[in-house]
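Down below is the structure, laid out as structure tokens.
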Amino acid sequence: MSTKQTFRIAVLPGDGIGPDVIAEGLRVLRSVEAKLGSIQFELQEFSVGAGEYLKSGDPLPAATFEAIKQFDAILLGAMGMPNVRWPSGVEMTPQIDLRERLGLYCGLRPVKLYHAQDTPLKNYGAGEIDLLIVRESTEGLFSSRLNTVPVGATEATDTMRITRQTSERLFRAAFREARKRRSLVSLIDKANVLPSMAFFRGIFDEISREFPDIKTERIYVDAAALYLVQQPQRFDVMVTENMFGDILSDLTGGLVGGMGMAPSADIGDKYAVFQPSHGSAPDIAGKGIANPIATILSVAMMLEWFDTPETKQGATIIHQAVAQVLQTSENRTRDLGGALSTEQMGNLIVETVAEA
């Protein structure tokens with residue numbers, strides 16, 4: 001009698017539409033579990049985010065943080081609410097705390113166009129926009145985010161922190177991802193102006209010599225934004241600093257239908273968090289109209305990361321189901337110009353997984 005392989009997943013629904021989209025992601029995960037029969041998932045939910053702060057005074061309680069470290073992966077919905085802020089005036093971002101405290105330096109943001117009707121760009125069809133942003137997620141310009149500005153200050157300064165150790169690991173991860181794809185890595189920086197970016201580029205050049213089979217190019221971030229609008233098909237893997245990656249992730253999400261189509265993973269040497277790239281969207285929370293596809297695709301990324309033949313098969317099934325559902329132009333939530341509810345979109349993908 002064979003024993004099923006078990007994966008333990010900490011589920012952090014979070015704030016706003018987080019619980020709405022997580023519910024559909026978990027239904028798809030369960031449908032894969034039932035389909036394959038050889039793997040199973042143990043899920044445990046934790047309260048983290050602005051809502052938890054309002055209850056306990058801490059958006060990421062210490063006991064919760066220690067508990068989720070014991071799981072095989074973390075699945076996160078969305079965190080933060082615009083009207084719940086620290087005394088400094090900035091929003092609470094426990095998702096960034098997780099990246100930094102768990103050492104999740106490698107942010108993966110895949111961008112794929114499933115149907116021509118979903119892009120604002122003309123003359124692009126399914127698959128022509130297919131790229132991956134590899135975003136450093138623990139330092140860069142975000143490194144000053146916990147600093148405070150004294151009352152009455154006449155200036156404020158943020159520091160861009162680039163370290164050799166993190167950059168080397170980031171670049172190696174980007175090159176390994178390129179080997180799975182089309183073997184091109186584009187470094188996105190501002191090395192013509194910022195010494196920290198020149199340092200970043202120098203490390204990239206060193207690491208690139210370890211991967212002679214991978215083509216490389218170096219593009220300033222402003223030019224990259226232009227090329228993404230004019231020639232998005234030219235890119236394969238784009239690797240960049242934290243803030244640049246944050247901005248370009250939204251731009252590229254807009255190229256394929258919006259943030260409801262933008263999954264992500266933040267991966268370190270030991271831990272990994274999977275979440276949609278979008279925010280908590282409190283204005284539509286609980287209305288049943290949020291797009292769950294980014295979360296469902298994040299679930300597929302989690303299965304890929306588990307790196308077993310069975311979980312990889314599950315990830316493939318999810319990707320194929322999403323592509324099949326989106327082939328029909330009417331199968332769209334409101335953000336994509338359709339009328340499907342969050343649950344209805346989830347139903348279509350669950351049914352397609354079951355029929356695979």
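The values are calculated or read from the model by the stated rules, or taken from the named source; none is laboratory data. A quick note: this is a predicted structure, and the numbers were derived from the prediction, not measured. When we count neighbours, we look across all protein chains shown, and the Cβ atoms used for this are built from the backbone with ideal geometry, even at glycine.
Scanning the range 130-148 for residues that are under 13 Å from Ile162 (Cβ atoms), within 17 Å of the chain's Cα centre (by Cα) and assigned to a strand (DSSP E or B) yields a single hit, Glu136.
Yes/no matrix, rows are residues, columns are (1) out of contact with any helix residue (DSSP H, G or I) (no Cβ under 7 Å at 6 or more places or on another chain); (2) in a strand (DSSP E or B); (3) polar (S, T, N, Q); (4) over 26 Å from Ser280 (Cα atoms):
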| position | (1), (2), (3), (4) |
| --- | --- |
| Asp213 | yes, no, no, yes |
| Met243 | no, no, no, no |
| Thr252 | no, no, yes, no |
| Gly257 | no, no, no, no |
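Within the range 91-114, does at least one residue satisfy the condition of being touching a residue at least 40 places away in the same chain (Cβ under 8 Å) and surrounded by fewer than 14 Cβ atoms within 10 Å (Cβ to Cβ)? Checked against the condition, which is being touching a residue at least 40 places away in the same chain (Cβ under 8 Å) and surrounded by fewer than 14 Cβ atoms within 10 Å (Cβ to Cβ), the range 91-114 yields no hits at all.
Go through (1) aliphatic (A, V, I, L, M); (2) surrounded by fewer than 23 Cβ atoms within 10 Å (Cβ to Cβ); (3) touching a strand residue (DSSP E or B) at 6+ places or on another chain (Cβ under 7 Å) one by one and return the number of the condition Val325 breaks. All conditions are met except number (3). For Ala191, which of the numbered conditions (1) among the aliphatic types (A, V, I, L, M); (2) farther than 22 Å from Arg109 by Cβ; (3) assigned to a loop (DSSP other than H, G, I, E, B) fails to hold? The single condition Ala191 does not satisfy is (2).
Going by the conditions given, is Pro232 over 14 Å from the mean Cα position of the chain (by Cα), farther than 18 Å from Leu141 by Cβ and at pLDDT below 95? Spelling it out, it is not the case that Pro232 is over 14 Å from the mean Cα position of the chain (by Cα), farther than 18 Å from Leu141 by Cβ and at pLDDT below 95. Of all residues in the range 262-283, those being under 13 Å from the mean Cα position of the chain (by Cα) and farther than 23 Å from Ala173 by Cβ number 2.
Figure legend. Inter-residue proximity from the range 224-235: first residues small (Gly, Ala, Ser), second residues assigned to a helix (DSSP H, G or I), beta-carbon distance below 9 Å, spacing 6+ or different chains. Indicated pairs: Ala224/Phe244; Ala224/Leu248; Ala225/Ile247; Ala225/Leu248; Ala225/Leu251. Any idea which residue in the range 1-24 is modelled with the highest pLDDT, counting only those that are among the small types (Gly, Ala, Ser) and out of contact with any strand residue (DSSP E or B) (no Cβ under 7 Å at 6 or more places or on another chain)? That would be Ala23.
Selection of the range 91-129 for residues being assigned to a helix (DSSP H, G or I) and in contact with a Phe, Trp or Tyr (Cβ under 9 Å, 6 or more places away or on another chain) yields Pro94, Ile96, Asp97, Leu98, Arg99, Glu100, Arg101, Ala116. Among the residues of the range 276-318, those identified as assigned to a helix (DSSP H, G or I), closer than 24 Å to Pro94 by Cα and of a type outside the set (A, V, I, L, M, F, W, C) are Pro282, Asp283, Thr295, Ser298. Where helices (runs of 4 or more DSSP H) fall wholly inside the range 10-90, the ranges with 2 or more residues that are charged (D, E, K, R) are 18-36, 50-56.
For the range 259-275, filtered to residues that are of a type in the set (A, V, I, L, M) and in a helix (DSSP H, G or I), the residue that is surrounded by the fewest Cβ atoms within 10 Å (Cβ to Cβ) is Met259.
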